[in-house]
Amino acid sequence: MSQSSPQPERPCPGRPPARRQDARPDRPVPGPRDARTAPGAVRASDAEREAVVERLRIASVEGRLTFEELTERTEAAYAAVSRGDLERITADLPGMGAPGANPAPAQVKRRFSAVMGDCKERIVGRIDGPLEAVSVMGDVVLDLRGAQVTTGEVSISATAVMGDVKIIVPDGVSVELTGHNFLGVRKVNVRDPHPGARVPVVRVTATAVMGDIKIVDDEHHAPVRRAIAEWWKDGR
């Protein structure tokens, strides 16, 4: 009896062919992509960031945001990655065209002086014009964080004669310092804003004669208190 030669094995019609093993077994095989990406997860564009910054500026003009809130949210807008991040920044603001809120009362007092004494002022009103701080053998402290600045800019003339002038601004604000000093100190101690960002501006013309004029942000004003507050917030 003749012996039949062996036939090659045919794949079973009901069984798919075995998948070829990847040459890199440690490399994960990507799964199918979900075409239904959440709208908030879409990456934000520069134009969308600028639109939110403009919305924040309008909200400040309407009296809805303080100087600190305007600066803080502007910084967050430029750092936003997704559209969802931008939506959260303006979540508590009405849509464009809504009736404006009543702005804070105007800041009537514009000149703050201390002659052999102290003057500490936390401004919460609406700043519509330049401010002036004068110290003669005394201390003047101006806190701008709670003010309303409808133009996004504040101009201050500061003079210190054998005294000190300290101006506290929100984190992330841009500070422009000009002027002169004679046996005195003119110093800016704030974080640099986001490069190319349209952030609020504080312009200070300073004259120091055997005195000190300093502009500091919230981070450098009370670093210990700020660190404790952030630790407490993160721990809750």
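Descriptive notes on the structure:
- Residue-by-residue Karplus 3J(HN,Hα) for region 189-195, coefficients 6.51, -1.76, 1.60, Hz, glycine and proline x: 10, 9, 6, 5, x, 4, x
- Where a label projected 7 Å from the Cα of ARG126 along Cα→Cβ would reach, residues of region 44-77 with amide N under 11 Å: 61-64
- Of the trypsin sites (Lys or Arg not before Pro) found in region 133-228, those in coil by DSSP whose Cβ has at most 13 other Cβ atoms within 10 Å are ARG191.
- Accessible surface of SER155 - all protein chains present, 1.4 Å probe, nearest 10 Å²: 60 Å²
- Which of THR71, THR178 is most accessible, then next, and so on - probe 1.4 Å: THR178, THR71
The values are calculated or read from the model by the stated rules, or taken from the named source; none is laboratory data. Only a predicted model underlies this, so the values are computations on that prediction, with no experimental measurement involved. Cβ coordinates were reconstructed from backbone atoms using ideal geometry, including for glycine residues, and neighbour counts include every protein chain displayed. Please note that ligands, DNA and RNA were not included when accessible areas were found on the heavy atoms of the full protein model with its side chains. Shrake-Rupley method; radii C 1.70, N 1.55, O 1.52, S 1.80 Å.
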